[in-house]
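The values are calculated or read from the model by the stated rules, or taken from the named source; none is laboratory data. If you're wondering where the values come from, they're calculated on a predicted model, not measured in any experiment. Cβ: placed from backbone, ideal geometry, glycine included. Neighbour counts: every protein chain shown.
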Amino acid sequence: MFFPSSLGSKLARLGTLAPESGEITVLLVEDSRTVRVRLRETLVNLPGVRVLEAGTLAEARALLDQDAAGLFCAVLDLTLPDASGSEVVDLVSSYEVPIIVLTGTLNPEVRRAVLEKRVIDYIIKSNTGAIEDVAYLIVRLRQNLRTKVLVVDDSATFRTHLSGLLTQYHFLILTAANGQEALAQIATHPDIVLVLTDYHMPEMDGLELIREIRRRYRREDMAIIALSDADQPDLSAAMLKAGANDFLSKRFQSEEFYCRVTQNTNMIGYVRQLRDMATRDYLTGLYNRRHLFELGNTLHASARAGGELQLALAMIDADHFKRINDQFGHDAGDAALKMLAATMQRTLPDSDILARFGGEEFVCLSLLPRCEDAAAHFEALRAAVKASDLRWQGERIPLSASIGYTTALGESLAAMIARADEAVYRAKEGGRNRVVEG
């Protein structure tokens, strides 16, 4: 997949491009055919993005009549052959579709008028990289579909206002009326990325809530934006020193609100991406060998201490991997490894720990009930790999794996790995595509 270099670097900072919520549809309304073609070609290169095009207000109205309910967002030019102002924005806003304005000019008066509608951002065409900025924003909006934001305020009206703004950015929104409710939400949803909290609240005010969150989460793990309409000059400093990442007056403009929310959610995303880079294999997205030992040694020690669960370790080795590389090329080999990793993730429980051990070798750590048959657990994986359908340049590449496993703890995780590896060797000797106990 090809992207302009500027877009590629921006998207790299956002992390994975894999479709996570099915296909999304973007409405593109632009009278310039040249700009429209460039935008379409850029957007359709994003995974799972479908584009509906219009060059006039009338064409846009026709498309909305047919498919408005399925629109993820719209990219709109303000000046069209049959519309010279914000008519297209008014039209699309009436369907409650989030809007990105892409326009040649935007004077202060038009800007104010536009931002009062369902516009989440505007981009000036003459800016360098404007097309790429649109694509980057759409990818970010799509990532927001799995980004949780908690809104904390004792005013139901203001909670609704903030939730409405965040909905346009496609965030997953949780709400709480005070600090105690907020802590309960965080306990239930520890993957919350951003907390927006008021200061004046009953039972537990915003300052105390921030301190409680910081006892559990660092600034780089969960961002906090403090909000207040109080005219206390020292309040912002107090909330920042308590642990807030940012402070925003309740008399904010929507444009400023979106900038602050985006900066803080991006910061958390960058930190998480850096952590993933340190612990995950770049090709498959599975854990890397170093992190396998960090997690596995802890599990092994716990298993030796006893408990209701047994620790099973499997070594999974792709069969005839050198033949795939030699016959189809190394790109096909990479595709085979990614297919194998995806099949394992799809087949095995989320509680299993999967890691790329090296080359075409993978390790799986499974905590199983003592009554469960470990052989059957890994036999299901072997069958799923064998049934996978990898196509390369129109030709099917057969995949299979030899799996060696053990439930004998031995003295260390390394001893379990050696035992499973020896079982893989016997599986290969026995004809491959089989599960052997070590």
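Just to be sure, is Leu76 farther than 20 Å from Phe171 by Cα and surrounded by 18 or more Cβ atoms within 10 Å (Cβ to Cβ)? Yes.
Could you tell me whether any residue of segment 313-333 is touching a Leu at 6+ places or on another chain (Cβ under 7 Å) and either within 25 Å of Lys148 (Cβ to Cβ) or surrounded by fewer than 17 Cβ atoms within 10 Å (Cβ to Cβ) (or both)? So far as segment 313-333 goes, no, none of its residues is touching a Leu at 6+ places or on another chain (Cβ under 7 Å) and either within 25 Å of Lys148 (Cβ to Cβ) or surrounded by fewer than 17 Cβ atoms within 10 Å (Cβ to Cβ) (or both). Only residues that are surrounded by fewer than 15 Cβ atoms within 10 Å (Cβ to Cβ) and either among the acidic types (Asp, Glu) or modelled with pLDDT of 85 or more (or both) were counted across segment 101-124, and they come to 3. Is it the case that some residue within segment 383-402 is part of a strand (DSSP E or B) and buried (at least 21 other Cβ atoms within 10 Å of the Cβ)? Yes, some residue in segment 383-402 is part of a strand (DSSP E or B) and buried (at least 21 other Cβ atoms within 10 Å of the Cβ). Number of residues in segment 249-265 that are in contact (Cβ under 8 Å) with a residue 24 or more places away in the chain and under 26 Å from the mean Cα position of the chain (by Cα): the value is 9.
Residue count for segment 163-176, restricted to those that are within 16 Å of Ile225 (Cα to Cα) and touching a helix residue (DSSP H, G or I) at 6+ places or on another chain (Cβ under 8 Å): 7.
Residues in segment 218-244 that are more than 29 Å from the chain's Cα centre (by Cα) and more than 13 Å from Asp205 (Cβ to Cβ): Asp229, Asp231, Pro233, Asp234, Ser236, Ala237, Lys241.
With respect to Glu422, is the statement that it is surrounded by fewer than 22 Cβ atoms within 10 Å (Cβ to Cβ), farther than 15 Å from His377 by Cα and not aliphatic (A, V, I, L, M) true?
Yes, satisfied.
Taking the conditions exactly as written (of a type outside the set (S, T, N, Q), touching a helix residue (DSSP H, G or I) at 6+ places or on another chain (Cβ under 8 Å) and part of a loop (DSSP other than H, G, I, E, B)), does Glu220 satisfy them or not? Spell out how you get there, then give the answer.
Working: of a type outside the set (S, T, N, Q): yes; touching a helix residue (DSSP H, G or I) at 6+ places or on another chain (Cβ under 8 Å): yes; part of a loop (DSSP other than H, G, I, E, B): yes.
Answer is yes for this residue.
Considering only segment 309-317, I want to know if a residue exists there that is over 18 Å from Ala420 (Cα atoms) and either touching a strand residue (DSSP E or B) at 6+ places or on another chain (Cβ under 7 Å) or part of a helix (DSSP H, G or I) (or both). Before you say what the answer is, go through the steps one by one.
Our first condition is that a residue be over 18 Å from Ala420 (Cα atoms); within segment 309-317, this holds for 309.
Right, trim to either touching a strand residue (DSSP E or B) at 6+ places or on another chain (Cβ under 7 Å) or part of a helix (DSSP H, G or I) (or both) and you get 309.
The answer is yes, given that some residue of segment 309-317 is over 18 Å from Ala420 (Cα atoms) and either touching a strand residue (DSSP E or B) at 6+ places or on another chain (Cβ under 7 Å) or part of a helix (DSSP H, G or I) (or both).
Being touching a helix residue (DSSP H, G or I) at 6+ places or on another chain (Cβ under 6 Å), aliphatic (A, V, I, L, M) and either over 18 Å from Val435 (Cα atoms) or at pLDDT 90 or above (or both), is that true of even one residue in segment 286-296? Looking for residues that are touching a helix residue (DSSP H, G or I) at 6+ places or on another chain (Cβ under 6 Å), aliphatic (A, V, I, L, M) and either over 18 Å from Val435 (Cα atoms) or at pLDDT 90 or above (or both), one finds at least one in segment 286-296, hence yes. If you go through segment 164-203 and keep only what is surrounded by fewer than 19 Cβ atoms within 10 Å (Cβ to Cβ), part of a loop (DSSP other than H, G, I, E, B) and in contact (Cβ under 8 Å) with a residue 24 or more places away in the chain, you end up with Ala177, His189, Asp191, His200, Pro202, Glu203. Note on segment 143-160: residues that are modelled with pLDDT of 95 or more, in contact with a Phe, Trp or Tyr (Cβ under 9 Å, 6 or more places away or on another chain) and aliphatic (A, V, I, L, M) amount to 2.
Looking across segment 140-163 at every residue that is over 24 Å from the mean Cα position of the chain (by Cα) and in a loop (DSSP other than H, G, I, E, B), the one that is surrounded by the fewest Cβ atoms within 10 Å (Cβ to Cβ) is identified as Ser155. Restricting segment 335-347 to residues that are farther than 20 Å from Gln393 by Cα and in contact with a Leu (Cβ under 6 Å, 6 or more places away or on another chain), the residue that is surrounded by the fewest Cβ atoms within 10 Å (Cβ to Cβ) is Thr347.
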